[in-house]
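I have placed the structure first, in the form of structure tokens, so that the comments after it can refer back to it.
Coordinate-derived values only; no laboratory data. What you are looking at is a predicted structure, and each value in this text was computed from that prediction instead of being measured. Cβ sites come from the backbone with ideal geometry, for glycine too, and all protein chains shown count toward neighbours.
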Amino acid sequence: MTDAVVSLEDVRFRYPGGEFELELEELRISAGEVVACIGPSGSGKSTLLHLMSGILLAGDGRVRFDDVEWSSIGEAERRRRRISRIGLVFQEFELLEHLSVRENVLLPYFVDPDLVPGNAERERVAELARAAGLESLLDRRPRELSQGERQRVATCRALVTRAPLILGDEPTGNLDPETSRRVVDLLLSDVRARAATLVVVTHDHSLLDAFDRVIDLPRIVRHSNRGAST
């Protein structure tokens, strides 16, 4: 694993009008690597993922994905790359209540005109649903699901496009140990089968043995935080 899928160099970021500031000298995530990031609330874990995915842009320094510096392209192109090339598992799941489970998993294909769902993509949904134990729930709405089931739907959506980079922001937060392990196993088995890259931020140290590398964020990041946690 020598080629960096994501790299951050001399990065400095501060939220507009906020009191949180993050500084990072260097971080490289290699192709095919599965990485866990740990650290207390307020250490910048979510901010780091948002910088990696181009949701946030660094004030100084360079953040590159797929050999493209995020700050060198416009917002529309960043969004297009993020939808097609990065799978995101959000803390709050971000499921759309008016869509079925199947439609929520296929959501990237509805919002990016360059992605067209055909038979292979619909079989991909079925395959992921079977692996996640959701095959009997594909026609339900999110409000009919448990917290753990909603988390698994969000995880399947992140994986559906076979993106080369998967980012998980506390993907097992507030889940019981059995469901947490199932979600992590689903992420790991899929990315390893495709030699994709996975970066997960987590508070759950019981899951760390499954990862190639564990990054203790306070050891590599300098930050000040007199405001809200990130």
| message | Just to be sure I follow: if Rg is taken over the C-alpha atoms of segment 119-230 and Rh is the Kirkwood radius over the same atoms, what is Rg/Rh? | response | 1.01
| field | Exposure proxy ranking, count of Cβ atoms within 10 Å, fewest first, for ILE73, ILE29, ILE55, ILE215 | value | ILE73, ILE55, ILE215, ILE29
| message | Please list, in order along segment 102-110, the HN-Hα scalar couplings obtained from phi with the Karplus expression 6.51 cos²θ - 1.76 cosθ + 1.60 (θ = phi - 60°), rounded to whole Hz, x for Gly and Pro. | response | 4, 5, 5, 5, 7, 3, x, 6, 7
| field | Length released on extending from SER84 to ASP10, taking residue separation times 0.36 nm less the Cα-Cα span | value | 23.9 nm
| request: Treat each spin label as a single point 7 Å out from the Cα along the C-beta direction, and report the ARG181 to GLU123 distance in nm. | output: 3.2
| field | Estimated FRET transfer efficiency (LEU107, LEU208; beta-carbon r; R0 22 Å; 0.05) | value | 0.15
| query | In debye, nearest 20: dipole of segment 1-145 around its Cα centre with unit charges on the Cβ of K, R (+) and D, E (-)? | reply | 380
| field | Virtual spin-label span in nm between LEU138 and ARG62, 7 Å along Cα→Cβ | value | 4.5
| query | GLU26 to GLU94: FRET efficiency via 1/(1 + (r/R0)^6), r the Cβ-Cβ distance, R0 30 Å, to the nearest 0.05? | reply | 0.45
| query | If contacts are Cα pairs under 8 angstrom and at least 6 residues apart, what is the relative contact order of segment 153-221 in percent? | reply | 36
| message | Need the full-extension length gain, ALA195 to SER41, defined as separation in residues times 0.36 nm minus the C-alpha distance. One decimal, nm. | response | 52.4 nm
| So which GluC sites (Glu not before Pro) in segment 6-89 end up in coil per DSSP with only 10 or fewer other C-beta atoms within 10 Å? | none
| Label point at GLU69 placed 7 Å out along Cα→Cβ; residues across segment 43-61 whose backbone nitrogen lies under 19 Å | 51-61
| task | May I ask you to derive the relative contact order of the chain, considering only C-alpha pairs under 8 Å and at least 6 residues apart, and to give it as an integer percent? | result | 32
| message | Using the crude model of +1 on Lys and Arg Cβ and -1 on Asp and Glu Cβ, and no other charge, please compute the dipole size for segment 32-108 relative to its Cα centre, in debye to 20. | response | 120
